[in-house]
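Notes follow once the structure below has been shown.
The values are calculated or read from the model by the stated rules, or taken from the named source; none is laboratory data. These numbers were taken from a predicted model, which means no experiment stands behind them. Virtual Cβ from ideal backbone geometry, glycine too; neighbours counted across all protein chains shown. Just so you know, the surface numbers come from the protein's heavy atoms only, side chains and all, with ligands and any DNA or RNA stripped out. Shrake-Rupley method; radii C 1.70, N 1.55, O 1.52, S 1.80 Å.
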Number of protein chains: 2
Amino acid sequence: MTLKPTESELEILQILWEFGPLTVRQVNDRLNEQRRVGYTTTLKIMQIMTDKELMTRDTENRSHVYSPALQPAEVQSTMLDHVLRTVFKGDRSNLVMQALGNHAASVEEMKEIKALIEKLEEKQDGVL
Amino acid sequence: MTLKPTESELEILQILWEFGPLTVRQVNDRLNEQRRVGYTTTLKIMQIMTDKELMTRDTENRSHVYSPALQPAEVQSTMLDHVLRTVFKGDRSNLVMQALGNHAASVEEMKEIKALIEKLEEKQDGVL
DNA sequence: AATAAATTACGAAATTCTTCGTATTATTAA
DNA sequence: TTAATAATACGAAGAATTTCGTAATTTATT
């Protein structure tokens with residue numbers, strides 16, 4: 001099991017996932033589009049993340065270039081499992097119903113989800 | 001929007017949801033079935049939760065009796081929305097797919113979810 | 001080469017959450 | 001009524017996270 005990133009680690013991972021390998025300066029600029037953060041704050045978190053192996057860095061040039069060490073799906077899975085256990089007591093269908101029920105999903109989303117369910121049902125039929 | 005409980009606040013809410021209004025002693029006993037926690041630790045968290053209005057208490061008797069101030073579904077919704085935003089960038093169908101895809105849902109769960117989707121589709125058809 | 005500019009390294013302050021010790025107050029039992 | 005028991009109140013220590021100031025280092029400019 002991969003470890004659970006903190007809130008601000010997650011913010012930075014999102015930026016790296018979206019915009020690819022970046023320097024601290026570039027990440028900090030992106031962060032400051034959303035909220036005010038000091039440069040050394042961002043640097044520090046990224047150094048900590050490197051220690052934790054949440055990212056890797058290329059120190060060839062003066063400005064180190066950081067890359068995420070985890071795929072979005074890995075972190076999403078870890079985080080969702082955590083919520084499933086701690087908030088939903090492991091009741092997966094309740095979680096899904098909450099996710100679908102509160103805000104109406106778009107027609108497009110609905111299609112995707114139905115397709116997935118059908119695929120899962122085929123797999124289940126195969127077993128039965 | 002209701003506020004996001006901390007991890008240990010969540011533990012206590014789960015116990016109250018399951019076993020109804022309880023004293024600190026009763027909550028602490030339940031907690032200690034899972035892990036070792038001191039009595040005053042539990043007391044303190046429950047006092048903080050009362051200040052935050054995550055729970056209410058009846059101080060009539062010497063042993064105060066605490067009740068949750070939020071329904072499970074309210075907290076689940078808050079927490080899930082938070083994960084949706086911070087981990088999934090608001091992509092609801094991706095969240096649902098992660099939830100369904102990683103571990104095969106049981107036949108029973110599948111039925112529930114399909115029924116919900118059909119109900120939501122009817123609502124959508126009505127609008128179109 | 002000397003100065004300025006930009007970056008990393010380091011450490012510590014600030015914040016939030018968790019944990020618990022001690023004091024106080026209330027109840028029960030002897 | 002006094003002593004023992006059990007509860008709450010209070011505050012502070014500990015731990016994890018976030019924030020940033022300052023020093024050291026590297027690169028670019030004059």
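Here are the numbers:
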| read-out | value |
| --- | --- |
| Solvent exposure of chain B as accessible area per residue, Å², 1.4 Å probe | 57 Å² |
| Sorted peptide list for A:74-81, A:25-32, criterion being average Cβ within 10 angstrom, highest first | A:74-81, A:25-32 |
| Contact order normalised by residue count of chain B, Cα under 8 Å, 6+ apart, percent | 22 percent |
| For A:THR56, distant residues with modelled amide H under 5 Å away | A:SER67, A:ALA69 |
| Per residue, the convex hull volume that the Cα atoms of segment A:1-82 enclose (Å³) | 89 Å³ |
| Carbon + sulfur, % of accessible area of the protein assembly as shown - ligands and nucleic acids excluded, 1.4 Å | 49 percent |
| Listed residue pairs exceeding 32 Å between alpha carbons, taken from B:LYS89/B:LYS111; A:LYS44/A:LYS111; B:LYS89/B:LYS114; A:LYS52/B:LYS114; A:LYS44/A:LYS89; A:LYS119/B:LYS89 | A:LYS44/A:LYS111; A:LYS52/B:LYS114; A:LYS44/A:LYS89 |
| A:GLU33-B:LEU116 pseudo-label distance in nm [points 7 Å out on the Cα-to-Cβ vector] | 3.3 nm |
